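Asker: The structure's right below; bear with me while I get my questions together.
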Amino acid sequence: MKTFTLVPFGAFKQVRAQKLKQQDITIKELPEGIEFKSALWIMDDSVVHFSGQYPFIVAITHKIIADSIKSIFNYLWKISTLQK
């Protein structure tokens, strides 16, 4: 399953290289100044909101809500930096 992930500015350095090799994942880092302290994942028809600070995860499958969040995600994706 292909996953697209937005992470907070400076957070990519905490992603393990092994995870990137094992999963079909594309990560972009949000621009500096955007105060977003959690990660958003887009997977097929779902949106996942994740925080590693006191680990907590929410999966959203409700079509209207997921589509709305995907719209915001797509805007942020365009202004974010691809990480490798």
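Computed from the coordinates by the stated procedures, all read-outs in this text should not be read as laboratory data. Everything numeric here is computed off the predicted structure, so don't read it as measured data. We place every Cβ from the backbone using ideal geometry, glycine too, and count neighbours over all the protein chains shown.
Asker: What is the number of the single condition among (1) of a type in the set (S, T, N, Q); (2) surrounded by 10 or more Cβ atoms within 10 Å (Cβ to Cβ); (3) out of contact with any Ser or Thr (no Cβ under 9 Å at 6 or more places or on another chain) that SER38 does not meet?
Answerer: Only one criterion is unmet by SER38, namely (3).
Asker: Kindly provide the set of residues from the stretch 17-50 that are within 13 Å of the chain's Cα centre (by Cα) and small (Gly, Ala, Ser), ordered by number.
Answerer: SER38, ALA39, SER46 - these are the residues of the stretch 17-50 that are within 13 Å of the chain's Cα centre (by Cα) and small (Gly, Ala, Ser).
Asker: A further question on this structure: Select, from LEU30, LEU76, the only residue that is at negative phi and out of contact with any Pro (no Cβ under 7 Å at 6 or more places or on another chain).
Answerer: One residue alone meets the criteria, LEU76.
Asker: Within the stretch 41-84, which residues are more than 15 Å from PRO8 (Cβ to Cβ), polar (S, T, N, Q) and either surrounded by 12 or more Cβ atoms within 10 Å (Cβ to Cβ) or without any contact (Cβ under 8 Å) to a residue 12 or more places away in the chain (or both)?
Answerer: SER46, SER68, SER71, ASN74
Asker: Any residue in the stretch 2-26 that is more than 20 Å from GLN53 (Cα to Cα) sitting within a Cβ distance under 8 Å of a residue that is part of a helix (DSSP H, G or I) and of a type in the set (D, E, K, R)? List the pairs, counting only those 6 or more apart or interchain.
Answerer: Here the result reads ILE25/LYS19, each pair linking the stretch 2-26 to a residue that is part of a helix (DSSP H, G or I) and of a type in the set (D, E, K, R).
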